[in-house]
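The values are calculated or read from the model by the stated rules, or taken from the named source; none is laboratory data. What you are looking at is a predicted structure, and each value in this text was computed from that prediction instead of being measured. Here the Cβ positions follow ideal geometry from the backbone for every residue, glycine too, while neighbour counts run over all protein chains shown. Keep in mind that these areas ignore ligands, DNA and RNA; they rest on the heavy atoms of the full protein, side chains included. Shrake-Rupley method; radii C 1.70, N 1.55, O 1.52, S 1.80 Å.
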Amino acid sequence: MSPNTTVQSVTILGATGSIGVSTLDVLARHPDRYSVFALTADRRWQVLATQCLQHNPRYAVLNDESSALLLAQELSRQGCKTEVLQGADALAQVAAHNDVQVVMAAIVGAAGLLPTLAAVEAGKKVLLANKEALVMAGGLFTKAVKDHDAILLPIDSEHNAIFQCLPNHRPDCLVQGLQSSGVRKILLTASGGPFRNTPLADLRSVTPEQACAHPNWSMGQKISVDSATMLNKGLELIEACWLFNARPDQVQVVIHPQSVIHSMVEYVDGSVLAQLGNPDMRTPIAHALAWPERIVSGVASLDIIATARLDFSAPDYERFPCLKLAQQAAARAATAPTILNAANEIAVAAFLQRKIRFDQISQVITSVLDKQEVSEPDSLELVIATDLKARQIAHSVIAAF
Ligand code: NDP
């Protein structure tokens, strides 16, 4: 870092989650570069209290009102000066605040859309982990990035890898189109999750604990289940199309069980560039935080000798019907991805609450996509109404099982 670089203030939306905790770990390694401005969560006030005592942000925001009261009491008891705010408006406020330069968007699910959009509309450097925001409202979101001169950098390890493999002279990842970069296609790698080799008949009876036990990555519950169904890879395909201005048929999903290659880019001259590293989200987080510079992340050096082999195969759609549903929604476009995303959120929550079986997640999504009309997502109001309607239909589908 140059000695004149000023310290950047960072808001972390979703600070108590897996990405939030990894982000705080990276920030704590660089107090000369970054300070924590605001930390937010939904309701886990005890975790947020510990983070506030350690990082001293100006604001802490909880979505849930009673949790916010408990946090305020605890911080005052501990003599911590962090101001506690509550609710969705407060999330947007700390994302768009004048004193903030960088926003880590790491709320899980559709709840992340509005605060992330608030950061974009305030022209911030936005580090995007919340892929659901882009899946729900990709056109409106990417337009807002351009209109407000925000800088959008991908945190998803695959998209961060793709970004690292693309020509490195763009202001952010929203390139003009793959072709103008000389890129023929994107190879989006996927581990295949915990059930890559499980006998198909056994998938009916897998438990939430088994679905959340990812072989390579430690993540929040929702994305862990999405990885087990491979709907996550479908969301990532849609995310890649928006971020890199690609068509769905230019994104090939490749099973790579070791999760050492985080994705690849094939150029028109036949060159294939890959980004490799240990499966630890602190690498993409550090990369996006410091881009275009590089900083230490705390991630161990990749032992390529111990890695020994890298395997690749095509996805099995009988095993992973959710991936096919996402590919179809990507091709159908309009509000199909919004409906897919909302139906999946309700189905995954029902699976985690043991209300439906693992193999019924894809059935819920199929049913909701069949029942709901798609339309052009030309306003945020329409996207939100579509999302709400898909959730209602998903609840009624689940109730009828
Ligand atoms: P977690 O479930 O671990 O954390 C989610 C965070 O969002 C928590 O801080 C949670 O607060 C907060 N939150 C949940 N609901 C709301 C709400 N309604 N309003 C405000 N805050 C809310 O998720 P992850 O960290 O695993 O994932 C976060 C995002 O990053 C997801 O979109 C995921 O797809 C993406 N991502 C994650 C990766 C990973 O390795 N984990 C990799 C790539 C992408 P509370 O603790 O109070 O519940």
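Here are some notes:
Yes or no, residue by residue, for (1) open to solvent by 10 Å² or more (accessible area, probe 1.4 Å); (2) in a helix (DSSP H, G or I); (3) of a type in the set (A, V, I, L, M):
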site: Leu340; (1), (2), (3): no, yes, yes
site: Arg354; (1), (2), (3): yes, no, no
site: Phe358; (1), (2), (3): yes, no, no
site: Thr366; (1), (2), (3): yes, yes, no
site: Leu369; (1), (2), (3): yes, yes, yes
site: Val374; (1), (2), (3): yes, no, yes
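- Here Pro208 meets each of (1) over 24 Å from Ala329 (Cβ atoms); (2) open to solvent by 20 Å² or more (accessible area, probe 1.4 Å); (3) not small (Gly, Ala, Ser) with one exception, condition (2).
- Residue among Phe320, Phe351 that is over 30 Å from Val126 (Cα atoms), within 16 Å of the ligand (Cβ to nearest atom) and modelled with pLDDT of 95 or more: Phe351
- Considering the stretch 288-314, the residues that are in a helix (DSSP H, G or I) and within 24 Å of Pro215 (Cα to Cα) include one that is most open to solvent (accessible area, probe 1.4 Å), namely Ile305.
- One residue stands out among those in the stretch 315-338 that are of a type in the set (Lys, Arg) and more than 18 Å from Glu376 (Cβ to Cβ): the one that is most open to solvent (accessible area, probe 1.4 Å), which is Lys324.
- Residue match in the stretch 265-272 (condition: at positive phi, more than 16 Å from the ligand (Cβ to nearest atom) and not in a helix (DSSP H, G or I)): yes
- Looking across the stretch 8-24, the residues that are buried (at least 24 other Cβ atoms within 10 Å of the Cβ), part of a helix (DSSP H, G or I) and near the ligand (Cβ under 8 Å from one of its atoms) come down to Ile19, Gly20, Ser22.
- Counting only residues that are assigned to a helix (DSSP H, G or I), under 16 Å from the mean Cα position of the chain (by Cα) and surrounded by fewer than 24 Cβ atoms within 10 Å (Cβ to Cβ), the stretch 211-240 holds 3 of them.
- Condition check for Ala38: part of a loop (DSSP other than H, G, I, E, B), buried (at least 23 other Cβ atoms within 10 Å of the Cβ), in contact (Cβ under 8 Å) with a residue 24 or more places away in the chain and touching a strand residue (DSSP E or B) at 6+ places or on another chain (Cβ under 9 Å): no
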